[in-house]
Each structure stands twice: as C-alpha cells, then as structure tokens.
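One structure is given here, and the rest of the page talks about it.
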Amino acid sequence: MNTLIRRKGHNLTQLFWMKAIITPSILFLSLPSYSGDISVDPMQHSPIPAQVTPMFVSLGFDDNLDVDGMSWVLRLLGSNKNPDGADAFANSSLKASFFMHCGPARGNDDVLTKWRQAHSEGHDIGNHTETHPDDKVNWNPLESWMTIEQWQQEITQCNELLMASEAQGGVGLASVSGYRAPFLTYNDNTFRALSDNHIQYDVSLPAGNTPEHDGTNNYWPYTLHNGSPEHDIGVNNGWKPPLSNYPNLWEIPLHTLIVPPDNEMDRYGLAYSLRDKIASRVPWFDAISGKGDNFDWNLYFEPAWGAAGLNENDVLAIYKYNLDLRLSGNKSPLVLGLHSGFYGYQNGQEHFGMPESTVESRRRVLEKFTEYALSKPEVRFVSHKQLVDWMEEPEPLTLCSTSEWDAHKAYKKGDGVTYMGEQYQAAWWTMQQIPGLYENSPWKSLDACTPEQ
Ligand SMILES: [Zn+2]
C-alpha cells in the first residue's frame with residue numbers, strides 16, 4: 001500500500017508508469033492501490049501495460065426470474081474454468097454478474113434458491129430495482145414520471161431483499177455492489193438513489209458511440225466524478241437528460257457491439273453480409289460503422305419490435321469479432337448484456353418473439369463463445385464487481401519467460417527465467433543463484449504462467 005496514492009484525483013496510469021520498471025522478459029510492478037476516494041478518468045488504455053493486462057470478459061444477466069434459464073447459466077459458468085496462470089482469476093470457475101428484479105422474487109422459493117446459489121458460487125448479485133419501472137413518459141427519455149422518493153424506494157427495497165438473511169426470506173448479501181437500469185432508462189434521481197445506497201458501480205450508460213471508438217480503443221471502466229463523455233453525446237443530441245457528478249461511483253461501459261464487416265464474414269463462418277441483414281431490419285443501424293446493440297434482446301427478438309431477429313451463427317460471429325477486436329487493440333473488457341431467462345424454457349415452452357433462434361441454439365452461442373474465448377490464454381471471465389475491484393488494484397498476468405537463466409546476469413524482483421524446462425520468478429534481487437537448488441531460494445518456481453501472445 002502506497003500512501004502517496006490515497007489522495008483523490010490521481011491518475012492511475014501516471015502512477016503506474018512512475019512505479020513500473022520494464023525489462024524485456026517480464027514486468028516488475030509496484031501496483032497502484034486505493035483506499036478511500038477514487039477518481040479514474042475515462043481512459044482508452046488499461047491502468048497497467050496491455051502486455052500484462054488480462055483480456056476480461058464480463059457477462060451481466062438481467063431479471064433472473066426464470067429458474068430453468070438461470071440453472072443452465074450457472075451450470076455453464078460452473079463447469080468451465082479460466083485458463084491457467086499465476087494470477088488470482090486463473091484456473092477458477094467463471095464468474096458473472098446477475099441483476100435482480102426483486103419484487104416478483106419475494107416469497108418465490110424456487111427463484112430465491114437460485115439467487116442464493118449464484119451468491120454462494122461467488123457470482124456478483126446486483127440490483128435491477130424492485131418493480132422494473134420505465135421512467136419515461138410516452139417513450140420520451142427526457143420526460144419522467146417518477147419522483148426522487150420513488151427512485152429511492154426502488155433501489156432501497158431491492159437492496160433490502162438481497163441483504164436480508166435467508167431466514168428472513170432474503171439472499172444474505174453483506175452489501176450490494178452493482179446496478180443496471182431497467183430498459184437502460186435512468187436520470188439524475190436514479191443516480192442519487194444509487195449513491196445514497198452505496199452502490200459501487202453502474203452498467204446502464206450508452207457506450208462506444210464516440211465516432212473514433214472502433215472496438216480496439218474503447219474506454220475502460222471509469223468513475224463518474226466528472227460525468228461521462230459517452231452519456232454527454234446523448235445529452236448533446238437531446239436523447240439523454242444531464243447527470244450530476246458522482247465521485248466514487250464506477251461506470252462499466254457496456255459498449256455497442258461492432259458487426260463484422262463484409263470482408264471478415266468468411267473468417268467468422270458466414271456466407272452473407274451480416275451488416276446488410278441487420279440494416280434491412282433495424283432502421284437506425286449504421287451499416288458503415290457497423291455499431292449495433294449489445295443486449296441479447298436486441299440481437300434475437302422480432303424485427304417488428306425494433307430488434308434484429310438474428311440466428312445463432314450471426315450472434316456468435318458478433319461476439320467472437322468483438323473479442324478479437326479487443327485482443328488486437330487495448331484489451332478493454334468485453335462486457336455483454338444478457339437475460340438468463342432466454343437460455344431456458346418457460347414452463348417447458350420456447351419463447352415467443354425470437355424468430356431465428358431457439359433455447360438450444362442460444363445456449364450453443366454462449367457455449368461456443370465461451371469455448372472460443374477460453375482458448376485464448378489471457379482471457380479471464382470475471383464478474384463486473386471483480387472487474388471494478390481489479391481497476392482499483394490491478395494485478396498483472398504473470399507471463400511465461402522465454403529466456404534461460406544466465407549465471408552472469410543480475411535479476412530484479414519479478415524477473416522471470418526458464419531453467420531445466422521449469423519457469424521461475426525472482427522473489428528479490430539475485431545473481432549467481434541457481435534456480436530451484438535449495439529451499440528459500442530467491443527463485444520461486446511457477447506452477448503456471450500465461451504464454452505471451
Ligand atoms: Zn430487465
């Protein structure tokens with residue numbers, strides 16, 4: 001812990017570069033950490049060098065009132081593991097975030113049992129309000145009907161259910177960290193209620209609309225101490241109300257997903273223009289930038305309802321392409337908006353309104369995407385809460401070293417070498433010490449490391 005950086009307003013990255021010493025093979029890091037006030041500006045780069053930054057994939061599921069869908073999602077997450085490595089997320093089962101629509105779950109033991117299971121398996125349980133209100137009048141986002149007291153109630157009541165003990169019919173959380181707005185509709189009253197209820201992060205604002213953002217250079221999570229440039233685009237264009245500043249409240253950007261361009265269709269296994277397909281169905285889709293919606297609702301539902309009505313190959317191509325863009329760029333986290341209910345049957349029946357997909361085909365999309373992502377050694381599936389905590393105290397990947405130990409070379413703490421086919425990392429400054437020779441050696445043997453890409 002460095003006392004220098006507890007002050008408000010420090011820029012994480014500057015601090016990092018002041019403290020990092022880079023060697024060709026491995027990075028020695030003295031990491032920034034925070035206690036107390038946090039201000040992180042929107043940045044187009046990781047708080048630590050991209051080379052040692054994990055490629056985070058963070059799934060967020062809304063509503064969660066369907067037991068079959070939620071059971072399936074929990075099985076998928078629990079039966080897969082992050083790739084091997086020396087960091088805290090490596091080799092652990094996948095974690096995600098679940099935003100709960102609380103009202104209908106009260107007294108529903110089947111649903112509450114699933115929510116408690118998700119909590120006990122280490123997933124992040126967030127607030128999606130008590131009654132799922134749509135605070136718009138005649139679909140006008142600038143006109144609202146809810147008072148500040150009503151917003152306070154929506155957030156407080158849902159928090160109370162999530163934090164009540166199991167004996168009292170709750171989920172038993174010690175605190176609630178995250179929030180997603182129903183219909184992504186919010187205003188200043190919403191954010192005041194979040195702030196008053198000590199919510200740590202929101203994941204509801206528009207993101208990726210900045211014209212120069214192309215999927216390789218998106219924003220990392222930031223705090224709302226000085227507003228949001230992405231939200232301000234909406235304010236300036238008259239489709240979002242202005243917001244006050246909220247120090248210490250994180251915003252996780254849920255970026256627009258970029259539909260693969262025509263010259264990439266082969267690579268993603270499609271024989272037609274996906275941009276043309278969506279443009280023929282969604283009037284506001286921009287086929288030039290290819291920027292489309294993120295939520296599974298918008299991808300799968302009926303074109304008659306303003307969605308794209310896509311099939312499993314289309315959606316899988318979009319998910320893979322957006323992961324690949326990030327991997328080739330600044331590794332900004334891939335955050336996906338989902339509904340666990342779409343991955344299960346409703347009373348044994350298919351969902352209506354999703355013309356080109358079925359429960360089974362939508363499940364295959366998540367299975368195949370997970371498999372694809374986990375084939376990349378630097379990918380880590382984390383909950384939104386884990387992502388924000390990582391932003392506050394970033395832990396680098398431990399990259400595998402490619403250089404042999406050299407008896408004549410001095411090594412600093414954190415340097416890596418190979419010796420007799422094993423990976424070692426220096427625990428402190430060392431020279432002329434043969435790795436692995438004796439106990440309490442400066443050379444720590446690594447069970448696992450992340451291959452450099
Ligand atoms: Zn919802």
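Read-outs: derived from the displayed coordinates by stated rules, not from any lab. As the structure is a computational prediction, the values presented were derived from the model and not from experiment. Counting neighbours? That spans all protein chains shown, and the Cβs are built from the backbone with ideal geometry, glycine included.
General remarks:
- Taking every alpha-carbon pair in the chain and binning the separations at 20 Å intervals from zero gives 23, 56, 19, 2 percent.
- If both residues of a DSSP beta bridge must be in region 52-392, then about 25% of such bridges are antiparallel.
- Sorted by Cβ neighbour density within 10 Å, fewest at the top, the residues Trp297, Trp145: Trp145, Trp297
- Using only side-chain charges placed at the Cβ, +1 for Lys and Arg and -1 for Asp and Glu, the dipole size of the chain relative to its Cα centre rounds to 880 debye.
- Peptide ranges 419-428, 212-221 listed from the most packed, as the mean C-beta count within 10 angstrom indicates: 212-221, 419-428
- Close amide H contacts of Gly292 (hydrogens built in the peptide plane, cut-off under 5 Å, sequence separation of 5 or more or a different chain): Leu257, Ile258, Val259.
- Taking Lys and Arg as +1 and Asp and Glu as -1, the other residues whose beta-carbon sits under 13 Å from that of Leu112 total 0.
- Net length available on complete extension from Ile434 to Gln51 is 135.1 nm, with 0.36 nm assigned per residue and the Cα-Cα distance removed.
- Applied to region 319-328, the Karplus parametrisation 6.51 cos²θ - 1.76 cosθ + 1.60 on θ = phi - 60° returns per-residue 3J(HN,Hα) values of 4, 5, 4, 6, 5, 4, 4, 5, 5, 7 Hz, with x for Gly and Pro.
- For region 224-231, putting each phi into the Karplus relation 6.51 cos²θ - 1.76 cosθ + 1.60 with θ = phi - 60° gives couplings of 8, 5, 9, x, 9, x, 6, 5 Hz, in residue order, rounded to whole numbers and with x for Gly and Pro.
- Sorted by Cβ neighbour density within 10 Å, fewest at the top, the residues Cys449, Cys158: Cys449, Cys158
- Shape analysis of region 316-362 based on the Cα gyration tensor places the equivalent ellipsoid semi-axes at 30, 11, 7 Å, largest first.
- Around the amide H of Gly227, modelled in the peptide plane, lie the amide H atoms of Tyr246, all under 5 Å away and 5 or more residues distant in sequence or on another chain.
- Cubic angstrom per residue, convex hull over Cα atoms of region 330-448: 184 Å³
- In the chain, a dipole from Cβ-located charges (positive for Lys and Arg, negative for Asp and Glu) runs towards its positive end, and of Gly238, Ser273, Thr430 it is Thr430 whose Cα lies farthest in that direction.
- Amide H contacts of His339 (H built 1.01 Å from N, under 5 Å, at least 5 apart or other chain): Asp62, Asp296
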